[in-house]
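Data first, discussion second: the structure below is written as structure tokens.
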Amino acid sequence: MEEKKDIYILAIESSCDETAAAVVKNGREVLSNTISSQIALHTLYGGVVPEIASRKHIEAIDGVITQALQEARITLEQVDAVGVTYGPGLVGALLVGLAEAKALAFAAGKPLIGVHHIEGHICANYIENKDFAPPYMALVVSGGHSHLVFVSDYGKYEILGRTRDDAAGEAYDKVARAIGMGYPGGPKIDAAAKSGNPDAIKFPRVYLEEDSYDFSFSGLKSSVLNYVNKQKMLGAKINSNDIAASFQQSVVEVLVGKTMKAAKDRGVTKIALAGGVASNTALREKMQEACEKAGFYLSIPSPILCTDNAAMIGCAAYYEYLAGVRDGWDLNANPSLKLGER
């Protein structure tokens, strides 16, 4: 019987402000995961500046890829394919990674595999959790996305719910700015909330229509901003920790409630968290509590695999590779790419 060949994927991720490269073996074994972050730079501006992000990707990408290959102790000639994020994201940032991936794949005679960024986040659950497999319900929460996705099989995704306005991470950033915590908002509000009272201020929970799996955080964000402005007008003291805790509790209750409802409605007993906001400690704790109460299994990647990284792209590219996906040199960046599209 012929021995099964190991598959090595060189993966590149540059959709926002992290330049990342990784080498992944057989989809779930990470041999290297190199990340060059621009957070310190964009903090000066209170958010990601697309043009600056693109320029920094150009500066960092060669070094990041070289480091990833060296750490994995593998050469470009030894990899089986090059996987790269081609959407969604910032178009200039995506183009840097895509151009690099095309050049490397073409020069080395390797297949090119375009990966959907959100698919990468979902696939991050397979890396540390070797036995985790579809079907399951995935909650994807990040700066630009809030998705409830039914994963029926590898590469098969059905979006049940999405944000109608602000994504969860976007609301975190805007609220953090309003209460003087700065950027990035997610980790700062998470930290401040630990010292605050989550029941101090009653902010709204928006569930929309009875049968809806969609999210809406714009009204909650406006409610927080109105509260802050009212307190300032009254000359009253503003307790940032209480605001952070109360705001976070409102977001988390809705995220957990909708996810549990969707899982029960679809008859699945496994749930996965994905995306940058999945590293939020309150969300992790409350989702764990809800899953234990319902007898569900919960998969959550380590925080480093929740934020943007290339290991998750390598994992997703592996399953696309097995499915026979190969992209041409005409593959273009698609900043508004929908999950499940090619």
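The values are calculated or read from the model by the stated rules, or taken from the named source; none is laboratory data. This is a predicted model, so every value here is computed, not measured. Backbone-built Cβ (ideal geometry, glycine too); neighbour counts: all protein chains shown.
For residues that are buried (at least 19 other Cβ atoms within 10 Å of the Cβ) and in contact (Cβ under 8 Å) with a residue 60 or more places away in the chain, scanning just the range 256-273, find the one that is farthest from Val151 (Cα to Cα).
Narrowing the range 256-273 to residues buried (at least 19 other Cβ atoms within 10 Å of the Cβ): 256, 258-260, 262-263, 270-273.
Subset that is in contact (Cβ under 8 Å) with a residue 60 or more places away in the chain: 258-259, 262-263, 270-273.
Details: Lys258: 16, Thr259: 13, Ala262: 12, Ala263: 11, Lys270: 10, Ile271: 10, Ala272: 10, Leu273: 12 Å.
Ranking the candidates gives Lys258 first.
Please verify whether the range 329-337 includes one or more residues that are closer than 30 Å to Ile9 by Cβ, acidic (Asp, Glu) and crowded, with 23+ Cβ neighbours inside 10 Å.
So the first thing to find is which residues in the range 329-337 are closer than 30 Å to Ile9 by Cβ, and the list is 329-337.
From what's left, acidic (Asp, Glu): 330.
Filter again for crowded, with 23+ Cβ neighbours inside 10 Å, leaving none.
Scanning the range 329-337 turns up no residue that is closer than 30 Å to Ile9 by Cβ, acidic (Asp, Glu) and crowded, with 23+ Cβ neighbours inside 10 Å.
Just a yes or no: is a residue in the range 225-233 in a loop (DSSP other than H, G, I, E, B) and more than 25 Å from the chain's Cα centre (by Cα)? Break it down stepwise before answering.
Our first condition is that a residue be in a loop (DSSP other than H, G, I, E, B); within the range 225-233, this holds for none.
No, because not a single residue in the range 225-233 is in a loop (DSSP other than H, G, I, E, B) and more than 25 Å from the chain's Cα centre (by Cα).
Across the range 274-313, what is the number of residues that are in a loop (DSSP other than H, G, I, E, B) and crowded, with 24+ Cβ neighbours inside 10 Å?
The first filter runs over the range 274-313 and keeps only residues in a loop (DSSP other than H, G, I, E, B), leaving 275, 280, 295-296, 300-302, 307-310.
Keeping just the survivors that are crowded, with 24+ Cβ neighbours inside 10 Å gives 275, 280, 301, 307-310.
Residues that pass the stated criteria total 7.
Matching residues to (1) of a type in the set (S, T, N, Q); (2) touching an Asp or Glu at 6+ places or on another chain (Cβ under 8 Å); (3) under 27 Å from Asp330 (Cβ atoms); (4) surrounded by fewer than 22 Cβ atoms within 10 Å (Cβ to Cβ):
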residue: Arg28; (1), (2), (3), (4): no, no, no, yes
residue: Ile35; (1), (2), (3), (4): no, yes, no, yes
residue: Glu59; (1), (2), (3), (4): no, no, yes, yes
residue: Val64; (1), (2), (3), (4): no, no, yes, no
residue: Gln78; (1), (2), (3), (4): yes, no, yes, yes
residue: Ile122; (1), (2), (3), (4): no, no, yes, no
residue: Glu128; (1), (2), (3), (4): no, no, no, yes
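Could you check Tyr126 against (1) within 30 Å of Leu220 (Cα to Cα); (2) in a helix (DSSP H, G or I) and say which number it fails?
That leaves (1) as the condition not met.
Working carefully through the options Ala21, Ala53, Ala40, find the one that is farther than 26 Å from Ile179 by Cβ and assigned by TED's automatic domain parsing to the domain that holds Ile313.
Values: Ala53 fails: farther than 26 Å from Ile179 by Cβ; Ala40 fails: farther than 26 Å from Ile179 by Cβ.
Selected residue: Ala21, the only one of Ala21, Ala53, Ala40 that is farther than 26 Å from Ile179 by Cβ and assigned by TED's automatic domain parsing to the domain that holds Ile313.
Looking at Asp153, Asp165, which one is surrounded by fewer than 24 Cβ atoms within 10 Å (Cβ to Cβ), touching a residue at least 12 places away in the same chain (Cβ under 8 Å) and touching a Gly at 6+ places or on another chain (Cβ under 9 Å)? Talk me through it step by step, then tell me what you get.
Numbers: Asp153 fails: touching a Gly at 6+ places or on another chain (Cβ under 9 Å).
One residue alone meets the criteria, Asp165.
Please state which one of Asp166, Asp199, Asp242, Asp214 is at pLDDT 95 or above, in the same structural domain as Leu139 (by TED's automatic domain parsing) and in contact with a Lys or Arg (Cβ under 7 Å, 6 or more places away or on another chain). So that I can check it myself, show each step before the final result.
Values: Asp166 fails: at pLDDT 95 or above; Asp199 fails: in contact with a Lys or Arg (Cβ under 7 Å, 6 or more places away or on another chain); Asp242 fails: in contact with a Lys or Arg (Cβ under 7 Å, 6 or more places away or on another chain).
Residue meeting the stated conditions: Asp214.
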